[in-house]
């Protein structure tokens with residue numbers, strides 16, 4: 001494989017999250033590491049999120065829940081980046097890419113009901129602006145006057161990771177100096193749950209226990225994860241605190257089945273290899289993998305195969321854990337939420353465990369960090385390198401590589 | 001059908017308040033611009049008015065409206 005050409009480097013200067021574990025990126029990681037579960041009654045809802053605590057009446061009623069969560073997470077990330085008051089870039093050089101699997105599902109459902117009950121003329125003029133999948137992107141750009149490239153990204157459960165990859169390329173290529181990016185999902189409706197239930201994707205036991213022998217499906221979650229990315233030199237020049245580097249992005253497609261992963265993990269392993277090459281890193285330099293780890297039979301097996309194929313013997317030496325064990329599957333937000341969790345892992349040096357993993361599956365023989373959090377160990381004093389995997393219905397594979405800030 | 005100005009005013013103020021502005025700001029002289037009431041809000045207001053009074057307000061009718069009082073007067077006139 002050839003080395004990539006010289007490119008602008010991209011750093012993370014702010015993170016924000018709204019998750020089933022509560023409000024805030026630090027809350028997500030701290031509570032996960034402490035072994036807290038954001039799951040109850042087989043669902044992972046953001047019970048601590050109340051839009052009216054963060055948004056005016058007008059703002060809240062003009063946003064579907066997925067956009068509300070994205071806006072609140074973006075406010076946190078932007079505040080951490082120190083952009084409060086004024087954005088330190090030409091607004092035309094600041095982009096925004098927010099992903100979702102579905103968009104405003106709650107709005108779609110409620111407005112269809114209005115139409116059935118009261119006729120087409122009663123449908124709200126706010127229907128489209130609330131449910132369009134790019135609504136969260138639009139809301140954040142308006143709120144913060146971001147005038148560079150902006151759009152939404154849709155690729156089911158890799159959506160959030162694709163948004164970060166797109167944002168990375170936007171800055172590397174020079175189309176933007178900074179990008180607010182991430183993902184959001186709020187589809188915990190009766191219909192949303194019924195659809196996933198019908199396809200037998202959800203855990204009958206209502207338990208998320210990735211890589212456990214008893215795993216029987218994922219637990220539906222909701223939430224938002226947002227990152228502020230900046231071109232490294234510009235970020236350093238303005239004295240920003242650098243949380244880490246988004247060093248690599250790799251993406252492939254299974255082209256195998258609409259929902260089942262390609263069982264050999266071939267295309268997924270290639271995504272890992274591409275992310276590492278993009279980051280200019282060797283497999284032996286990976287210190288931690290934040291797994292997609294959905295708690296389905298098929299994903300956890302195919303992902304294990306993919307990690308082994310890509311990292312070889314090194315796969316057995318490193319910790320691999322699943323944030324979904326604590327917060328369920330936040331679907332289109334997952335790639336971004338888990339990127340936030342990965343970054344917090346690099347910042348704190350603490351690896352969250354795979355909760356619920358008590359009965360090992362003899363077929364899955366890597367170190368999935370069962371039980372308790374543990375310290376992140378880095379070889380040779382270099383900055384730590386972590387991968388965040390995302391795989392999706394539709395066969396999309398996305399792997400992000402994050403490098404910790406030099407200590 | 002007899003609709004009083006007071007009835008319409010109460011309904012309009014209540015509806016506009018549900019869109020965000022503080023009820024105390026919503027006077028007859030207040031402009032929609034001041035209240036941050038935009039074209040989408042006015043379409044929602046028109047839906048309420050049609051439901052309540054059977055008065056159909058089209059886009060071109062709404063464009064002429066500058067103040068809360070303008071809207072109330074138009075609705076009362078059409079309803080009468």
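The values are calculated or read from the model by the stated rules, or taken from the named source; none is laboratory data. Everything quoted here is computed from the prediction, not taken from an experiment. As a convention, Cβ positions derive from the backbone with ideal geometry for all residues, glycine included, and neighbour counts pool all protein chains shown.
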>> Just to verify a result, which residue in the range B:44-65, among those that are more than 21 Å from residue A:128 (Cα to Cα) and loosely packed, with under 12 Cβ neighbours inside 10 Å, is farthest from the other protein chains (Cβ to nearest Cβ)?
In response: B:64
> Out of the residues in the range B:12-29 that are under 20 Å from residue A:52 (Cα atoms) and in contact (Cβ under 8 Å) with a residue 12 or more places away in the chain, which is nearest to the other protein chains (Cβ to nearest Cβ)?
Replying inline: B:20
> Going by the conditions given, is residue B:37 modelled with pLDDT of 95 or more and away from chain A (no Cβ under 14 Å)?
Replying inline: no
> In the range A:239-291, which residues are buried (at least 18 other Cβ atoms within 10 Å of the Cβ) and more than 16 Å from residue A:389 (Cβ to Cβ)?
Replying inline: A:240, A:243, A:244, A:245, A:285
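Let's see how each residue does on (1) at positive phi; (2) modelled with pLDDT of 95 or more:
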residue	(1), (2)
B:3	no, no
B:14	no, yes
B:20	yes, yes
B:25	no, yes
B:52	no, no
B:55	no, no
B:60	no, no
B:67	no, yes
B:78	no, no
> Quick one: would you say residue A:81 is farther than 18 Å from residue A:334 by Cβ and in contact (Cβ under 8 Å) with a residue 24 or more places away in the chain?
Replying inline: yes
> Does any residue in the range A:343-363 that is over 15 Å from residue A:300 (Cβ atoms) come within less than 7 Å, Cβ to Cβ, of a residue that is modelled with pLDDT under 95 and assigned to a loop (DSSP other than H, G, I, E, B) six or more places away or on a different chain, and which pairs are these?
Replying inline: A:353/A:371
> Looking only at the range A:124-147, which residues are part of a loop (DSSP other than H, G, I, E, B) and within 9 Å of chain B (Cβ to nearest Cβ)?
Replying inline: A:124, A:125, A:126
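Would you mind listing the helices (runs of 4 or more DSSP H) fully within the range A:266-377 where at least 2 residues are under 21 Å from residue A:26 (Cα atoms)?
It comes to A:324-327, A:334-348.
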>> Residue under question is residue A:224, and the condition is that it be surrounded by fewer than 24 Cβ atoms within 10 Å (Cβ to Cβ), touching a helix residue (DSSP H, G or I) at 6+ places or on another chain (Cβ under 8 Å), modelled with pLDDT of 95 or more and over 16 Å from residue A:396 (Cβ atoms); does it hold?
In response: no
> How do the helices (runs of 4 or more DSSP H) wholly within chain B filter down when requiring 3 or more residues that are farther than 20 Å from residue A:126 by Cα: which remain?
Replying inline: B:5-18, B:68-79
> Picking from A:82, A:16, A:38, which residue would you name as being in a loop (DSSP other than H, G, I, E, B), crowded, with 20+ Cβ neighbours inside 10 Å and touching a strand residue (DSSP E or B) at 6+ places or on another chain (Cβ under 8 Å)?
Replying inline: A:38
>> Looking at the structure I just gave you, is residue A:28 out of contact with any strand residue (DSSP E or B) (no Cβ under 6 Å at 6 or more places or on another chain) and modelled with pLDDT of 95 or more?
In response: no
